[in-house]
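Only one structure is covered here, and it is reproduced in the block below.
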Amino acid sequence: MTAVPWADTTRLATADQIARFECDRVGVNEWLHDKALAARPNVQTTLYVDADGGVIPFAATTMVIVNVYEGTSAQRAGSREGSSVGFLLAQMGVRTGLTGAGIGKAVLREVMAASVRAYREAPFPLFVVDAADEALVGYYERAGLRRLAGQFRLVTPMRQIAKSFDTGK
Ligand SMILES: CC(C)(COP(=O)(O)OP(=O)(O)OC[C@H]1O[C@@H](n2cnc3c(N)ncnc32)[C@H](O)[C@@H]1OP(=O)(O)O)[C@@H](O)C(=O)NCCC(=O)NCCS
C-alpha cells in the first residue's frame, strides 16, 4: 500500500482546526471557513493532518439524492423512478503549495474507501462528485467517474468501486 502524506485523520469539530488552512479556490475556502461547521449535522468534513495538526487536505462528504433521469443505464443503477441515492464528495481541497503531488488523488481514494465501508453497512447505488468547473470534470473522469450529461456532477456505480477495492485495483 502506498504511504499517504498525512499523519492522521480527524473530524472537523472546531474553527481552530481549519483557521490557517487555505487551498487554491476561493469558493472552497469560503465554504470551509463559513459553512462547514454549521453543516456538520448533514455533511461530514474529514481533515487529513500532519504531525502538528496542520491540515494538508480536507474532504467533505454527505449522502445525496441524484437525478439520473437522463443518465445512462449504468448511471441510473437500476432506478426506475429517475432518482437515485449516492455518497457525495461535496468539497475537497489541498493546501496551497502542496498541489500537483498526488495528494488530491490519495484523498479521493480515501473517500472512496469510506464510501465502500458505508456501502457494506447499508448498500446504496452511486458514488457522486460535484466538480467545481469544466477543467475538474476531466480530473474526476481520470479517476473512473462518468459525467451526467450537461452537468458538473459525475457518478459511478458503488458496486464498481466496491469491486475495485476487493480486487485491489
Ligand atoms: C483539485 C485539487 C483537489 C487536486 O488536488 P492535487 O493534489 O493538486 O491533485 P493531484 O496531485 O492528485 O493531481 C494532479 C493533477 O490534477 C490536475 N489538476 C489539479 N487542479 C486542477 C484543476 N483546478 N483543474 C484541472 N485539473 C487540475 C493537474 O493538472 C494534475 O494533472 P496531471 O496528473 O495530468 O499532472 C487541488 O488542486 C485543489 O485543492 N484545488 C483547489 C480546490 C478545488 O478546486 N477543489 C475541487 C473542488 S471540485
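Every number in this text was worked out from the coordinates using simple rules, so none of it is lab data. As the structure is a computational prediction, the values presented were derived from the model and not from experiment. Every residue, glycine among them, receives a Cβ derived from its backbone with ideal geometry; neighbour counts consider all protein chains shown.
For the stretch 8-167, a crude dipole built from +1 on the beta carbon of Lys and Arg and -1 on the beta carbon of Asp and Glu, taken about the Cα centre, is about 580 debye to the nearest 20. Computing FRET efficiency as 1/(1 + (r/R0)^6) for VAL26 and THR72, where r is the C-beta to C-beta distance and R0 is 30 Å, gives about 0.35. When both the stretch 94-169 and the stretch 11-26 are represented by their alpha-carbon centers, they are found 22 Å apart. Amide H to amide H distances under 5 Å link MET63 with LEU88, where only residues 5 or more positions off or on other chains count and H is placed in the peptide plane.
At the listed q of 0.10, 0.14, 0.16, 0.17 Å⁻¹, the Debye profile of the stretch 8-167, built from one uniform point per Cα, gives log10 I(q)/I(0) equal to -0.36, -0.71, -0.92, -1.03. Panel order for TYR48, TYR139, TYR69, by other beta carbons found within 10 Å of each beta carbon, from fewest to most: TYR69, TYR139, TYR48.
Using R0 = 25 Å, the C-beta based FRET efficiency linking LYS163 and ALA7 works out to 0.25. Proximity of backbone amide H atoms, modeled 1.01 Å from N, is registered between GLY93 and PHE58 at under 5 Å, excluding neighbours fewer than 5 places apart on the same chain. So, counting K/R as plus one and D/E as minus one, what does the shell of residues with Cβ under 13 Å around ALA77 add up to? Here the charged neighbours net out to +3. Across the stretch 91-96, rounded Karplus estimates of 3J(HN,Hα) from the backbone phi angles (6.51 cos²θ - 1.76 cosθ + 1.60, θ = phi - 60°) give 8, 8, x, 10, 3, 3 Hz, Gly and Pro being marked x.
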